[in-house]
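J.: Before we start, here is the structure in question, set down as C-alpha cells.
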Amino acid sequence: RVVLMDLAETITAVDLPSVSGRGQDPELAAVFAAPTLAEFHARAEREYLKRMLERHHWNVAATARAIKTPRSNLYKKIEAYKLRREE
C-alpha cells in the first residue's frame, strides 16, 4: 500500500511513521527503538499492560479478565515492570 502512495523508488522509515516508531506517541517510539527482540517484547508488553490497566481504571481483576490472564500473573507483571498508577 505504501508503494502506491509514495512515488519514490525506495521506502524509508519516514514513509512508515506508525511502524518505525517515529509517530506522535513517544512511549510507542521507545518500544520500537528496542535493540533486541527480547527488549522489544518486554517494552511492548509493559506498554500494553499499562494501557489496559488505565482502560480499566487500574482494576486488576477486570484487566486480567479482559486480557484473559490469571490475576496472579498480572500482579507479577505489574511488579516486574514496576507499573504504578499515575496520579
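The values are calculated or read from the model by the stated rules, or taken from the named source; none is laboratory data. Nothing here was measured: the structure is a model prediction, and the numbers come from that model. Don't worry about glycine lacking a Cβ; one is built from the backbone with ideal geometry, like all the others, and counts go over all protein chains shown.
J.: Would you please list the contacts, defined by Cβ atoms under 6 Å and residues six or more apart or on different chains, that run from a residue in the range 70-84 that is aromatic (F, W, Y) to a residue that is in a helix (DSSP H, G or I) and surrounded by 15 or more Cβ atoms within 10 Å (Cβ to Cβ)?
T.: Y81/R46
J.: How do the helices (runs of 4 or more DSSP H) wholly within the range 1-74 filter down when requiring 3 or more residues that are of a type in the set (D, E) and either at pLDDT 95 or above or over 18 Å from E86 (Cα atoms) (or both): which remain?
T.: Hits in the range 1-74: 37-55.
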